[in-house]
1. Tell me the residue from B:Gly319, B:Gly279, B:Gly336, B:Gly331 that is part of a loop (DSSP other than H, G, I, E, B), buried (at least 24 other Cβ atoms within 10 Å of the Cβ) and more than 13 Å from every other protein chain (Cβ to nearest Cβ), please.
2. Looking only at strands (runs of 3 or more DSSP E) that lie completely in region B:609-705, which have at least 1 residues being in contact with a Phe, Trp or Tyr (Cβ under 8 Å, 6 or more places away or on another chain), over 21 Å from B:Asp767 (Cβ atoms) and of a type outside the set (S, T, N, Q)?
3. Here are A:Ala239, A:Ala167: which of them is surrounded by 22 or more Cβ atoms within 10 Å (Cβ to Cβ), in contact with a Phe, Trp or Tyr (Cβ under 8 Å, 6 or more places away or on another chain) and within 14 Å of chain C (Cβ to nearest Cβ)?
4. Considering only residues that are touching a strand residue (DSSP E or B) at 6+ places or on another chain (Cβ under 6 Å) and more than 11 Å from every other protein chain (Cβ to nearest Cβ), which ones fall in region A:112-136?
5. In region B:212-258, which residue that is hydroxyl-bearing (Ser, Thr, Tyr) and outside any loop (DSSP other than H, G, I, E, B) is nearest to the other protein chains (Cβ to nearest Cβ)?
6. I'd like the residue in region B:475-496 that is under 24 Å from B:Thr734 (Cα atoms) and of a type in the set (Ser, Thr, Tyr) and, out of all such residues, is surrounded by the most Cβ atoms within 10 Å (Cβ to Cβ).
7. So which helices (runs of 4 or more DSSP H) stay within region A:88-153 end to end and still have 1 or more residues that are more than 13 Å from the chain's Cα centre (by Cα)?
8. Can you tell me which of A:Arg289, A:Arg314 is over 20 Å from A:Ile146 (Cβ atoms), within 14 Å of chain B (Cβ to nearest Cβ) and assigned to a helix (DSSP H, G or I)?
Amino acid sequence: MTPFSYARANNAAEALQLGRGGAANYLGGGTNLVDLMRETIAKPDRLVDVTGLSDAITDTADDGLLIGAAVRNTALAEHPAVRTRYPMLSRAILAGASAQIRNMATVGGNLLQRTRCTYFYDTDGSRCNKRVPGSGCDAVGGFTRIHAVLGASPACVATHPSDMCVALAALDAVVHVEGAGGARTLSFGDLHRLPGDRPELDTVLEVGELITAIELPPLPFAASSTYRKVRDRASYAFALISVAAAIDVVDGEIRDVRLALGGVAHKPWRATTAEALLRGRPATEAAFRDAAIAELADARPLRDNGFKIELAKRTIVAVLGDLSGATA
Amino acid sequence: MSILDTAREAAQGLVQGAMAKLVPLAPDSWIPGGVPDPLIARKHGLIGTSVSRLDGALKVKGAARFAAEFALDDMVYAALAFATIPRGRIATLDVAAAEAASGVVVVMTHRNAPRMKQPAVFGSSPTAAGPADLPIMQDDRIHWNGQPIAVVLAGTQEQADHAVSLIVTTYDVEESVTSFAAAKEKGAAPASFMGQPLLNEIGDADAMLAAAPHKVDQVYRTPRHNHNAIEPHAATIAWVGGDLVVHDASQLVSMEAATIAGVFDLKVEQVRVTSPYVGGGFGGKCLWDHQILGAAAAKLAGRPVRIVLTREGVYRGVGGRTLTEQRVAIGAAAGGHFQALIHAGTTATTPHNNMPEPFILGTRAGYAADSFKLSVDVVRMNMLANTFMRAPGESVGTFALESAIDELAADLGIDPIELRIRNEPEVDPTSGLPFSSRHIVEAWRAGAAKFGWDKRGLPGARREGEWLIGMGCATGTYPYYRMPGAAARITLDRAGTALVEVAAHEMGMGTSTTTTMVAAERLGLPLEAVEVRYGDSIIPGAILAGGSQQTAAIGAAVIAAHNALVAELLKLAGNDSPLAGLSPDEVGSEDGGLAKLDDPARRESYASILHRAQRDHVSVSAEGSPPLELMHWSMHSHSAIFCEARVNAVTREVRVSRFLGSFDCGRILNPKTARSQFRGGMIMGLGLALMEETEFDERNGRIMNPSLAEYHVPVHLDVPEIDVIWTDIADPHTPMGAHGVGEIGITGVAAAVANAVYNATGTRVRDLPITLDKLLV
Amino acid sequence: MPILVNGSAVALPNDPRVSLLDLLREGLHLSGTKKGCNQGACGACTVLVDGERILSCLALAVQYEGRSVTTIEGLSDGDGLHPLQQAFIDHDGFQCGYCTPGQICSAIGMAAEAKRGVPSHVSADLSTDVRLTREELQERMSGNLCRCGAHNGIIDAIRDTVAAELAA
């Protein structure tokens, strides 16, 4: 770990003040950043501890939820409003990491998790455009079991590792941020980037910008939503693929649907193509399969991850089938 | 050369000659174990009772002190830098920034490292423990991607870790072989293991296979694996005067001390290696570069050193199991009788070590067949030296063989257990030796009944909701080993307590507990009156915690020391003792003293003998008998493994829902700890079957998942409740009638899982691990 | 403000790079808390902070100013054993003993979570009270790796003690 100074902020204003200039990083639970620092992938000269920011979960005026950035993952997953109104979010969080890590990790930090690409992590021995812009990508042609099939670029084929973010993408969460230029909100889908030729940038956040809260808009039909994660061991493993879904079926017809995929792209993948195809269609397995095929139509396999395309399709169909009670 | 030396070398496979031919023909009574150990007949003692680990309280309180937990005055912390090319030379190595970093005491590279001899490579002599025949940080040559190239010592671990990240290296890359295919193109050579060729040919197996009415002929592949003990390798090292003390996590303290002494040109007694607790070994906690580098850096700095490998460092610097590619072809008659059994293939090792994964070992004594062709070829790759990992050979060899038998059974329409039993051999089919103890058929019958094997259906027939459910089984096998060189020292005092010292190791197997039980039983003392010390190279003898041989080696050494003790006590007893005039073979130990075997009333307590002799204590050491029994009988443990696997119909995720292991491993000394060993082996087998793989990038020989997050071992939710039963039939030819139980558990498991997955889905996976992608196609 | 470790006040390290784990092991010689991976992948370093289980390897000690840390050494006094420690011995819930302190601390934190009603990945229904079935215990303990394979004994020990108390 490169030497750094440490300061604690009690609120967003203090954090912004402390984080101004130089190579400062905001520190939440540390579950990813401390590891990245130890690997010398992150080398901040200053850490601003933002666990003193709001850890409140409150109802918004329109029956949504406002979640402080310092809320711990466990606290969010166990919150009665989340369990009953947004169960896919509880399930996504509970499917991630381990209980110890969920007890430490903050909501804000979870959004800024970096990829598990093993070439990204191999500081000394592998080239990585995300770690060292312009150096090349050794993942292509190497072990790519956990890599992207959608939205990748020649520069980067990494995936975003968060489970929670897949649910937030499906739920159309709104991200509240503050920076030198003041406060702004981002729709969740706009927060994370596809790699393009700038894979070093995971998100659109400006330097020094701080996530202060996540807002969940009301979504009544999310009360029966779910999250399904497919992985190589039964627990404590990153997703091969995952599906967050909510579906509103009235008289056998799909009135609305939310669908997002994890483990397939550089960002949590909102399945807008599938959603558009499904709205207004009868809730049948055939419809689900058509939508899944359409969503994965542009998928491009690497050496080891071609299975993800079929796996994602099957899982989408099964999850939507379970939620809607549809039969073949 | 004495007959003892000859026997010792013969047992190690160093001499193929007269001994190996004569020993099988000798009368049983000339052979160790020819007369059954009297403890086998003793039915009401400690042996066979469930005793909780004697070191349990220390461990659950976190008070057991592991290698990295010795605090020494003025100690500094080490960090290592590793090479990033597979082969070549260091062109530039800039350590200026590291040397200038805060807290740094010294940066050691090949330029300033003390001059050291190459460690004697394992197998080159009875005490050699070196990982490879390579010099350690003595020149600019790089032999594998991950080789240590610099050691930083600093006042804190944080300072050392930071400084090591400032080292900048460039290389002159040389041609290397890092792909298995390229290595095979360069040519494979016949392999040997422990000095013996890995080759058996009986009859014309190719012709008999061709002529057989039924046959299976398939290729099975297993990847590289790492041990992944949860304790990373660590040592706390100090030079005291000119002598060296290494507090290590080691499976071979005596061999390690001898080898390190050779490296630093010291006398063996100048190096002391302790290893009181080992946080998991599995073959991985032997001598690697880091202990030698730590000692060298301590010498350079003139201060004690703590060296703890990072988890990545464990993968870069400590070898694991290598990959295998195995053809199994079986030709069978309609009734299932094996006419030809071919098990042949290739494994990879390095130009600098000799450890071909000996995957045919279990096949040699597994089944009767009219003809055999068993062989292992080896290719050389530029990579970290591979090494022993739990059941080297059998763990992956049984995957291939026992999968093939399942395939043949399906083809023949014969129940796979029945097919195995029909090919049960009378004597060892390749050596011709009689079996010392073989009760696999009993194990199969008992296991099948308890597991409910009769409920197995046709492939793909059983489904509950989204889950396809199947059953599979396989035979596991592991030899009984006993290596020469073990010794024990027994010190008996006037209070009637005994200290038993053996240069053995406790890595969780329960060795310290079972050794105490056995010694107490042999000495006729209560458990509380016996203390066992181990894990220290200053104790006489050498006992490798490997090959599941520790219990037998200790057992035989304690028998020898006990015999010497009895003789010594009889001398001390003198003419006023009720034992006067008796010879050592007329008396035995019981109830705190010696008694005439056929007239137990004629006895005297240890305390009384020592009191009369005016002695506070008596101490004897003795070496175990040479292990000639291994050349006289075919000695093996066996298991029948049963698995119920569930495969998700949608995602093809595989989960094991039931396991039963039915073991034939001689007499079980401590059911409580033995059960844990069996289960532990089976769980490692579960990992081998479903998830474990060291990702070796064949473009440059770099291990790409050097982390417990990316190398998956089973977690709690992967592990079902595991039922374990055993025959408990004593092997009449081993100490206590026991066999080692550390490695048998992992064998057969991968095949049982693969066979269950086949039964669940109708899909056969011949390439480990069985990940869901292989079932989606 | 100091950190409280097993009830004793401990000064914060001067170097903010020092993890809570290294503060315990190297600074305080409380080596019962184990370092298995130092990257949040094994659970051997699990300690309780204000009763919650966390990974001390990923925790910078400076972040825990004013918090109360309980390690394996703080679970029992002198020669006495916490009931869960005794159950680990009775059920042979360990072999080498290296992951054991982390398993034990984790199980105590786990029981508190379950008591509070925190659901898990395998909870069929998120709205009902927690029932600590074997599967629930296995999922909740999956953040603690064991390579010796003592999983059955560990779960049995937890079932007999801290999980049983919850059911009562």
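The values are calculated or read from the model by the stated rules, or taken from the named source; none is laboratory data. This one's a predicted model, so the numbers in the text were calculated from it and none came from an experiment. Here the Cβ positions follow ideal geometry from the backbone for every residue, glycine too, while neighbour counts run over all protein chains shown.
1. B:Gly319
2. Counting at least 1 such residues, we get B:636-648, B:654-664.
3. So the residue among A:Ala239, A:Ala167 that is surrounded by 22 or more Cβ atoms within 10 Å (Cβ to Cβ), in contact with a Phe, Trp or Tyr (Cβ under 8 Å, 6 or more places away or on another chain) and within 14 Å of chain C (Cβ to nearest Cβ) is A:Ala167.
4. Those that are touching a strand residue (DSSP E or B) at 6+ places or on another chain (Cβ under 6 Å) and more than 11 Å from every other protein chain (Cβ to nearest Cβ): A:Asn129, A:Lys130.
5. Per the stated criteria, the residue is B:Thr236.
6. B:Tyr478
7. Output list reads A:99-104, A:118-121.
8. Just one listed residue meets the conditions, A:Arg289.
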